[in-house]
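Some notes on the structure that comes next.
The values are calculated or read from the model by the stated rules, or taken from the named source; none is laboratory data. Please read all numbers here as calculations on a predicted model, not as lab measurements. Please note: Cβ atoms are built from the backbone with ideal geometry, for glycine as well, and neighbour counts cover all protein chains shown. Surface areas here come from the heavy atoms of the whole protein model, side chains and all, with no ligands, DNA or RNA. Shrake-Rupley method; radii C 1.70, N 1.55, O 1.52, S 1.80 Å.
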Amino acid sequence: MRALPVGDDALLVEVASGEEAQALHAELLRRRAEGSLSVREIVPAARTVLLDGLADPARLASELTTADVPPAPPRAREVVELPVRYDGPDLADVAAHWGVSPHEVVRIHADTEFSVAFCGFAPGFGYLTGLPPRYDVPRRATPRTAVPAGAVALAGPYTGVYPRSSPGGWQLIGTTDTVLWDHTRAPAALLSPGTRVRFVPVGSS
């Protein structure tokens, strides 16, 4: 673990894996909830956690780099179910990469319980983990200039859902009509770090 100062009152903590980042995020949230950590924001990413609004970043950096962080506890939140039409243009390519049929891709993906490791890229976009490493897929060699809102996509170890139309190089396997980001909703983002997610096949696939 390495803690790097960011400005006068923030730290960027680097760890070795996504699992360690999730565990550290959970531990920092626990400390803030019990009152032993005063911090304005705790923002997880793939292998980092940013803490902003610290009174004494140097002291916390020294403590964290020698701390034994426990594994992230089981998530007790309800599961968010996203209805999906597995009709994506890259479904056959993903099936070929996995060495299975498109129907089997749908079964494997829909049978997996995902969790949001972190958010980014666009408001409401969650990076979901849960598939075993053997199902990692590469990004497209040539990104699309426009991916439609609601596209369910794979890249590396992650599944994501595009909350709005944007360029993107992920492999598109399906479509959902669920609104991921709505500024009139509280909270605006349907998915946040730690949210459990399942994809439910609907229609033809």
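If you check Gly150, Gly124, Gly168, Gly120 for being among the small types (Gly, Ala, Ser) and closer than 23 Å to Ser17 by Cβ, only one passes: Gly120. Scanning segment 141-157 for residues that are open to solvent by 10 Å² or more (accessible area, probe 1.4 Å) and assigned to a loop (DSSP other than H, G, I, E, B) yields Ala141, Thr142, Pro143, Pro148, Ala149, Pro157. Kindly indicate whether any position in segment 94-116 is among the hydroxyl-bearing types (Ser, Thr, Tyr), touching a Ser or Thr at 6+ places or on another chain (Cβ under 8 Å) and more than 30 Å from Ala3 (Cβ to Cβ). Scanning segment 94-116, I find no residue that is among the hydroxyl-bearing types (Ser, Thr, Tyr), touching a Ser or Thr at 6+ places or on another chain (Cβ under 8 Å) and more than 30 Å from Ala3 (Cβ to Cβ), so the answer is no. Of all residues in segment 83-133, those that are within 22 Å of Ala45 (Cα to Cα) and either of a type outside the set (Phe, Trp, Tyr) or outside the structural domain of Leu180 (by the TED database) (or both) total 17.
Give the number of residues within segment 161-190 that are more than 24 Å from Asp90 (Cα to Cα) and in a loop (DSSP other than H, G, I, E, B). Residues in segment 161-190 being more than 24 Å from Asp90 (Cα to Cα) and in a loop (DSSP other than H, G, I, E, B): 8 in total.
Quick grid of which residues meet (1) touching an Asp or Glu at 6+ places or on another chain (Cβ under 7 Å); (2) closer than 30 Å to Arg198 by Cβ; (3) assigned by the TED database to the domain that holds Pro163:
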{"residue": "Glu14", "(1), (2), (3)": "no, no, no"}
{"residue": "His25", "(1), (2), (3)": "no, yes, no"}
{"residue": "Ala33", "(1), (2), (3)": "no, yes, no"}
{"residue": "Arg40", "(1), (2), (3)": "yes, no, no"}
{"residue": "Thr48", "(1), (2), (3)": "yes, yes, no"}
{"residue": "Leu60", "(1), (2), (3)": "no, no, no"}
{"residue": "Pro71", "(1), (2), (3)": "no, yes, no"}
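The test for being closer than 30 Å to Val49 by Cβ, assigned to a strand (DSSP E or B) and without any contact (Cβ under 8 Å) to a residue 24 or more places away in the chain does not hold for Ala117.
For segment 123-140, which positions are closer than 26 Å to Arg107 by Cα and either of a type in the set (S, T, N, Q) or open to solvent by 30 Å² or more (accessible area, probe 1.4 Å) (or both)? Tyr127, Thr129, Gly130, Pro132, Pro133, Arg134, Tyr135, Asp136, Pro138, Arg139, Arg140, listed by residue number.
Residues of segment 6-27 that are open to solvent by 40 Å² or more (accessible area, probe 1.4 Å), acidic (Asp, Glu) and within 26 Å of Leu128 (Cα to Cα): Glu14, Glu19, Glu20.
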